[in-house]
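Below you'll find the structure, written out as C-alpha cells, and then a few comments.
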Amino acid sequence: MRNGVSCVLVWLLCAVALPASAQTIELDRAELERVEDLSESLANQLLELSVSMRRQDLAQVATIFDAHGSFDATLFPSKAGPSSLAFKWIESHGWELDSEPRPLRREVFLASLEDFLAHFTSIEDVRFKVKKADFELGEPVRGEASVFFFLIGRDPAGRREWVRGNIDLRVHLGPEARFVIDYWRFQNIDSLSSRQDLFSEVSEPLGMWEDVPRFGVAPNDGFVAHGVAIGDVDGDGLVDLFTSGVLGNRLYLNALDSGSTFRDVSDETLVLFSRQGTGVLLVDYDNDGDLDIFMAAVGEQILLQNQLRPSGKLEFLDVSAEAGVDHRAVGFSASAADVNGDGFTDLYVSSYNLYGQIMPDSWSRARNGTPNLLFINQGDGTFREEARSWRVADRRWSYAAAFADVDGDGRQDLYVANDFGENALFMNRGDHFEDEAALRGVLDPGNGMGVSFGDYDNDGDLDLHVTNMSSTAGNRILARLMPDATADDALLKKLAAGNSLFENQGDGHFVNVAAAAGGFGAGWAYGGGFFDYDNDGWEDLFSVNGFVSGKTMKDT
Amino acid sequence: MAAASEQEKAGNSTYQNEHMAQLFEEGMSFSGFERDALYLARGDGTYMDVSGVSGLDSISDGRGLAFGDLDNDGDLDVVIVPVQEAARLVYRNNVGQDNDFVRVALRGTRSARDAFGAVVKLETSRGTQTKIKAGGSGFLSYSDSRLLFGLGPNAPDGPYPLSVLWPSGLEERYEVESGESVLLVEGEGLSKLHLERLELPRPRTTSERIFRTLAVGVGESFPELALTPVGAYTKTAFGVSGRKMLVNFWATWCVPCAVEMPELESLFPKLEAAGVGLVGISVDTNTAAVPGYLETRQISYPNYTLAESDFGKIFAGASLTVPLTLVLDARGKVIDAFSGWSAETRSALEALAESH
C-alpha cells in the first residue's frame, strides 16, 4: 500500500493515543510511519519469497539476493538431527547448522536451499514473517530484521512436518525500491512431525461443501453471518448441524447411521426461508423437549420453533414476533442461561454496531455500540426484553458472551467480550447485574472476539478463555514504540498479545496465565476455546484466525 | 445520533474505512492467510503449539467454530464457518477415539430443560475435570452440549465419581464407567445411552478432488476426441496402446503450463525409456498460436489441438483448469490425474518414469 500509513498502523496509533502518552507519540509519528512503511515493504517482499519457495521456484527465490559477489550467510541445514518423541504423536528433531556465517556465493546458498527442500515430498506452506525491523535512513537505506520462518510439508514417510526457525537478516534497499539480502543467519531451526494426521477435512465427502465468493464480492458483502450450532434437532441420538452464513441458513441432518452422510433439509424444514442470522443457538425455550433455534441478527432477532411431529416430520416455524424477540440490534453472538432462576431459559444478544457507517468513538474505550439485549423468558412462550433493568444494555461493541456461575452463589453470571475496549463480567445479583470485570481481573482490554469457560488445570473450577487479536505488524510497531516496557504499557502490549487464558483462583477472581502457559499469539482470532481433542483428560485450546485473505498474500 | 462528531473523534476512521473497502476490492489481504492455532495441553499447565502438524491449521479466515462428536465415536470433531470460499469446513478427529472417555448429557427438570450453566465434575487420575453445559460459546456458535470427558489410554473401567451442580442449586452424585454415555435427568437419576459408534467418511484424495471437476472418471476409457496433430506427428493410439500414457492438457495462455512443459520435455526421454508415453493436447481456441509456441519452447513430444466442441468430454464445468495431466493404463483407461504444476506433480511424474 502506497499511502504511507498502514491500516494496522493507523489502528494502533489511535489505540496508543491515550491521554497519558499522546504527546510523546505525536513526536515520533512521522519517522515511525516511514520505518513501518519500510518494514511492511520488506515483509511483503519476504512474502513473495515465501510463495516462490513454496513453489520451489528457485529462479524467483534468487532475485532477493545479490547476483554478483557474495554475502555472509549460514547455509540451509542439510542434515536432520535425531528424532525424539516430543509429546504423544508428535516427534521433534533439530537440524545441523553452521555456527557462524561466512561469505557465500549466491549459487552455493541456493544449492543448500534446494537440498533442504528435497527433504520434503510436498510443500503446503512457507512463510517468512518480519517480527522486528530497524532501518538506517541513509543512502542506501540499510536494515536489520528478525524473521520467523516456517515450512509445512510432508516427509518421505508421508507425515506432516513443520519446520520453524528464526533468521537474522541484513538488507539494503536496491534499485526499484527492492530490498537485497546482505546477511542471512539462522539463529535456530527445528522440526515437529506428527505420526499421523490428527484431523482431516471432510465437508465434501459429507455433502456439506458449498462455494462462497470471496469477501467483498456479492452476495458475500455481509457482516458476520458465520454462526454454527451442533445438536440433535430431530431426536435420533445423532447431532445435526445448523449454520447461518452469507448464502443463508442451512440445516443438515445427520444420517451417518443409515450409511449416508448428512442431508441438507434447509428447504423442507423451512429454515432456508427465514431471515439470515448471525450467532446461533439451539435452545428448548418452551421446555417441550425439542431444540428450537435462536439466532442473533443484524436487524430483528430471530426465533425458530421446532415443530417436530411424531411422524418424524421436521419444520421450523418463525415465531420471532409472537415470542417478542423481534427487537433490533446489530446482533453478533447469542448466549443462553436461566438468569432469574424460574426454570425457563433466557437469551442474551451481544450487539456491535454498523462498522463503516458508524465508527467507534474510541479505539480503546468505545461506548457507541448498540445496546445488548436480554430476553427474559415469561414461561408462556414469550419473552420480555429487560436488558436495561438488569443493567446489561451495554453500549460497548460486543462480540460474544458466555454465562457461568463465577462466584458460586447459584446465579448465572455473564462475561461479555468487546471490541475496542474492555470486557465485562456481569455478576448476577438476582434482579440486576453488576460489572466486576476490574475487581475480578478479567478486563482483558483490547479486541475480545470469543468467550468460553473450561477447566484448564483440572482443579475443579472453571477458567476463562478469550480470543483476541494479535498481529505481527502490531507487535513490530509496539516493540519500536515501547522498547522499555513498563507496567503502564501493559495495555498497549495487550493490544497485540493474542488470546487470554484466565485461571480461576478458586473464588471467582482470575489471573491471566497466557504467557506462563506458553503464549497464545494465534493471530486475528475469532472462534475458539477449550477442546480436549485427544481425550487425554486435559483441555487443549484451539482458535480460528485471520481477518481477510485477499488474492495475494501481500498484506495491507 | 451525532454520527459526524463520533467520526471526528475517531480521527482517521473515515479515511481508513474507505481505504479498506478499496483494498478489499483490489484483493488485498488484511491479516490474511493466518493458520488456525491448536495448542496441546501438556498437563502441567503449559501448552505446546502443534498447529503445523495438526491438519486443523487451515488458512481459511474462520469466524464461527463449534466442537461436536458428529459420528458418536467418542471424540470431538470440528466445524468452522469461514468468511469466504467455503461455506463450512468439517474436520474429522482422527486421534481422540483411541483414548477412553465418558459422555454426559443433561436434562433439567426444576432447572430449565436446557440446564445451561450446569457444571459437571468427574474425578479422574488427571484431577477433577470440570465442564459446563454452555448456552453458546466462542464466537457466534453453539457446541455439542453432550459433555465428553477424556480418560486417556487404557483407562481403568472405573467407577469414576461424577457430580452435577444443576442451575437450580440441586447437587447430585453418580458413578460412571469408562466408555459409557449417560443421560442425567435432574432429580430423576442416570440412564445409559446406547449410541452406535459411526464413522465420518475419509477425506477425498487430491486426485478424487480433481476428478470431480472432470467429465471422465477413474477406470473409464479415455474418450474419443477430435484432435488435430501439430506438426508432423502421426496419430497417437489413445486406446489399447499396450503402455502407460500421460496426456497433458495445456494452453498458450496458461502460466503454469509454461513452467511445466519444459519440465515434461526434460522428462520425455526418461518416460520413453520407462515405456510411458507422453502426449500434449492444447485447449487453445486460437489454434494458430500453438505451433509457434511449441517451436519456441523446443517441445518435441507429440502435441495436438482439441476441437472446442469436445472440451466437454474432458472438463465437467465451464472453466478449463489447465495444466491437467491424465494417466492412462495400457488398456486406455484413465487411472489418475494431476492438476496444476507443483512439486507434487513433478515428483509423481518422476516416480512414474522411474518405476518401470
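If you average the sequence gap of Cα pairs under 8 Å that are 6 or more apart and divide by the length of chain A, what percent do you get for the contact order?
Values: 1274 pairs, mean separation 43.5, N = 556.
It rounds to 8 percent for chain A.
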Discussion item. Can you give me the long-range amide H partners of A:A522? Hydrogens built in the peptide plane at 1.01 Å from N, cutoff under 5 Å, separation of 5 or more residues or another chain.
Written reply: A:N499
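Given the rule -39500 (n - 2.57) for each run of at least 4 DSSP H residues, summed and divided by the residues of chain B, what is its mean residue ellipticity at 222 nm, to the nearest 500 deg cm²/dmol? Walk me through the intermediate numbers first.
Values: 7 runs with 70 residues, N = 356.
Result for chain B: -6000 deg cm²/dmol, rounded to the nearest 500.
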Practice prompt. Step through the residues of the range A:141-154 one at a time and calculate ³J(HN,Hα) from phi using the Karplus curve (6.51 cos²θ - 1.76 cosθ + 1.60, θ = phi - 60°), rounding each to whole Hz and writing x for Gly and Pro.
Written response: 5, 10, x, 10, 9, 9, 10, 9, 10, 9, 9, 10, x, 10
Worksheet item: Any idea what angle helix A:22-54 forms with the longest principal axis of chain A, computed on alpha-carbon atoms, 0 to 90 degrees, nearest 10?
Response: 80
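Using the number of other C-beta atoms within 10 angstrom as an exposure proxy, rank A:M469, B:M28 with the fewest first.
On the way: A:M469 26, B:M28 22.
Ordered from fewest to most neighbouring Cβ atoms within 10 Å, A:M469, B:M28 come out as B:M28, A:M469.
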Worksheet, complete the sentence: Per DSSP, the loop-located GluC sites (Glu not before Pro) within the range B:96-203 having at most 13 other beta carbons within 10 Å are B:E188, B:E196, B:E199
Worksheet item: Can you pull the Rg over Rh of the range A:210-260, Cα-only, Kirkwood?
Response: 1.11
Worksheet, complete the sentence: With label points set 7 Å from each Cα along the Cα-to-Cβ direction at A:R365 and B:R346, the distance between them in nm comes to 5.8
Worksheet item: Within the range A:412-459, which GluC sites (Glu not before Pro) sit in a loop by DSSP and count at most 12 neighbouring Cβ atoms inside 10 Å?
Response: none
Worksheet item: Using a simple spin-label model with points 7 Å from Cα along the Cα→Cβ vector, what separation in nm is obtained for A:R391 and B:T285?
Response: 7.0
Practice prompt. Quickly work out the B:L190-to-B:D98 label distance, labels modelled 7 Å from Cα along the C-beta direction, and quote it in nm with one decimal.
Written response: 2.9
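May I ask you to list the trypsin sites (Lys or Arg not before Pro) in the range A:217-326 that are in a DSSP loop and have at most 12 other Cβ atoms within 10 Å of their Cβ?
A:K313
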Worksheet item: If you take the Cα Rg of the range B:103-192 and divide it by 2.2 N^0.38 Å, with N the number of residues, what do you get?
Response: 1.06
Discussion item. With an 8 Å Cα cut-off and a minimum separation of 6 or more residues, compute the relative contact order for the range B:206-354 in percent.
Written reply: 39
Practice prompt. Give me the Debye-computed log₁₀ of I(q)/I(0) at q = 0.10, 0.13, 0.15, 0.22 Å⁻¹ for the range A:363-458, equal point scatterers on Cα only, no solvent, two decimals.
Written response: -0.27, -0.46, -0.60, -1.19
Response to the item:
Computed over chain B: longest principal axis from alpha-carbon atoms vs helix B:13-25 long axis, angle to nearest 10 degrees, is 50
Worksheet item: Suppose every K and R has +1 on its Cβ and every D and E has -1 on its Cβ; what is the size of the dipole of the range B:103-192 about the Cα centre, in Debye to the nearest 20?
Response: 260
Worksheet, complete the sentence: Sequence order, the range B:192-204: Karplus ³J(HN,Hα) from phi using 6.51 cos²θ - 1.76 cosθ + 1.60, θ = phi - 60°, Hz rounded, Gly and Pro as x, gives 7, 9, 9, 9, 5, 7, 10, 9, 5, x, 6, x, 5
Item to complete: Please give the contour-minus-distance gain from A:A111 to A:D221: 0.36 nm per residue of separation, less the Cα-Cα distance, rounded to one decimal in nm.
Response: 35.0 nm
Fill in: Charge dipole of the range B:206-354 about the Cα centre (unit charges at C-beta), most positive-ward option of B:V259, B:T228, B:A289
B:T228
Practice prompt. Give the Debye-formula value of log10 I(q)/I(0) at each listed q (0.08, 0.12 Å⁻¹), with one equal scatterer per alpha carbon of chain A, two decimals each.
Written response: -0.64, -1.28
Response to the item:
Under 5 Å from the placed amide H of B:T128, counting only residues 5+ away or on other chains, we find A:G460
Worksheet entry | Distance from the range A:284-359 to the range B:290-329 (C-alpha centre basis), Å | 54
Practice prompt. On a C-alpha basis, how far is the centre of the range A:199-268 from the centre of the range B:145-188 in Å? Whole number, if you could?
Written response: 30
Discussion item. Restricting to DSSP H runs of at least four residues, report the calculated mean residue ellipticity at 222 nm for chain A, -39500 (n - 2.57) per run over all residues, nearest 500 deg cm²/dmol.
Written reply: -4500 deg cm²/dmol
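Just so you know, all these numbers are worked out from the coordinates, no wet-lab data involved. Since we're looking at a predicted model, the values are computed, not measured. Positions of Cβ are backbone-derived with ideal geometry, glycine not excepted, and every protein chain shown enters the neighbour counts.
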